[in-house]
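What follows is a single structure, written as structure tokens, with notes after it.
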Amino acid sequence: PNLTLSYTLWDFGLRVAKVDAARAQEWVAGFTQNQSIQGVAFSVAQAYYQLLGNQSLLLADEKTVAENRKNLEAAEVLHRAGQATIGALYQARAAMAQAQSTLAAQRQTVRSSEGLLASTLNLGPQTMLRIAPLKLGQKPPQLHSAAETLMHAALTANPALQQARAQVAVTQANVRSAEASGLPSLGVSSSYGYAFQNGYLPGDTWTVGFTLTVPLFTGFNTHYQIRQTQALRDQAQSNLAASRSSTEATVWQDFHNFQGAVAAYPGAQSGLENARKALEVVQAQYRVGQATIQDVLLAESTLAQARYTLIQNLVNSYVALAQLSQAVGMPLGENTP
């Protein structure tokens, strides 16, 4: 039996370079996983806010139907009293039918949004989900960080940028490995044997030696391998620069998209309040004959549109914040819907 042990004493960094490449490749895999997780989280958030918005629009459509029902009842009373024409009655009925049609369609939109959120959560689309309603009286989420601050944070937190940076480390280690593979290496080896021979007593054998390996000619394989790894390194560095530029641009755009949605909220809220008061005034005037059914329907349409605008504004602000969080690579904001 024989036992041999060998160890490389010096290889001009070949072993270290291979270890560094393997470690950096592990980082690449980890950052890729982080990127996938954040992508799934954003998809869930987007589907969640879409469902919130559609549920709020459904409630708004129900209010519109109730208001149109009051308008129709008022038109019928005035028509029986001879104070409204049959045309006004038909207009009120048409508005009521349109509101009911919109409500029916919105119910199906909500069911579709529920299925989308359930699928995003890896559940069956038929799964019934119950979520808290959107608080229309609550202000949009707040963000106190400047765009430049978020752009700087993204340079260290964005997983796509981290992945590109780790890929550069992989290629740099591969270049060192290729360069070291063409250089000499020094190793030491030791062996032990226990020999049995006929006519002789068994004996131990020990050997210790040093090995110097010098690559003389490899058909330019080492040269080509170095050039290839250098080209891959240059490409990875170029990808890193492009990823950095893209990340900064995305954070900048998402930041201002969010700020735009937040800035539009006060106007949308004021529009809703004034539209509600305007409808109350016009309905009161219509009952005493000081306004026409066209005035009532116009005020009702304005109120419905104001509700839609406010709801969409709130939903857009939360979606924009989620998108900004994904671009930066970390959760942002204070409020929850």
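Only the coordinates and a few stated rules stand behind these numbers; no lab work does. Treat the numbers as computed from the prediction; the structure is a model and nothing was measured. Here the Cβ is made from the backbone with ideal geometry for all residues, glycine too, and neighbour counts use every protein chain on show.
Here Gln138 passes the criteria (1) closer than 26 Å to Asn316 by Cα; (2) without any contact (Cβ under 8 Å) to a residue 24 or more places away in the chain; (3) more than 21 Å from the chain's Cα centre (by Cα) except the one numbered (2).
Per the listing Leu279, Leu240, Leu272, the residue uniquely within 20 Å of Pro140 (Cβ to Cβ), out of contact with any Ser or Thr (no Cβ under 7 Å at 6 or more places or on another chain), surrounded by 14 or more Cβ atoms within 10 Å (Cβ to Cβ) and of a type in the set (A, V, I, L, M) is Leu272. As a summary of the residue check, Leu155 satisfies the conditions (1) under 22 Å from Glu248 (Cβ atoms); (2) free of Cβ contacts under 8 Å to residues at least 24 places away in the same chain except for the one numbered (2). For region 142-152, the tally of residues that are over 24 Å from Ile37 (Cβ atoms), in contact (Cβ under 8 Å) with a residue 40 or more places away in the chain and of a type in the set (A, V, I, L, M) stands at 1.
Across region 10-43, the number of residues qualifying as of a type in the set (A, V, I, L, M, F, W, C) and more than 24 Å from Val170 (Cα to Cα) comes to 3. Across region 116-126, what is the number of residues that are in contact with a Leu (Cβ under 9 Å, 6 or more places away or on another chain) and touching a residue at least 12 places away in the same chain (Cβ under 8 Å)? Number of matching residues: 3. Restricting to region 111-165, and then to whatever is outside any loop (DSSP other than H, G, I, E, B) and among the β-branched types (Val, Ile, Thr), can you tell me which residue is surrounded by the most Cβ atoms within 10 Å (Cβ to Cβ)? Among them, the one singled out is Thr120.
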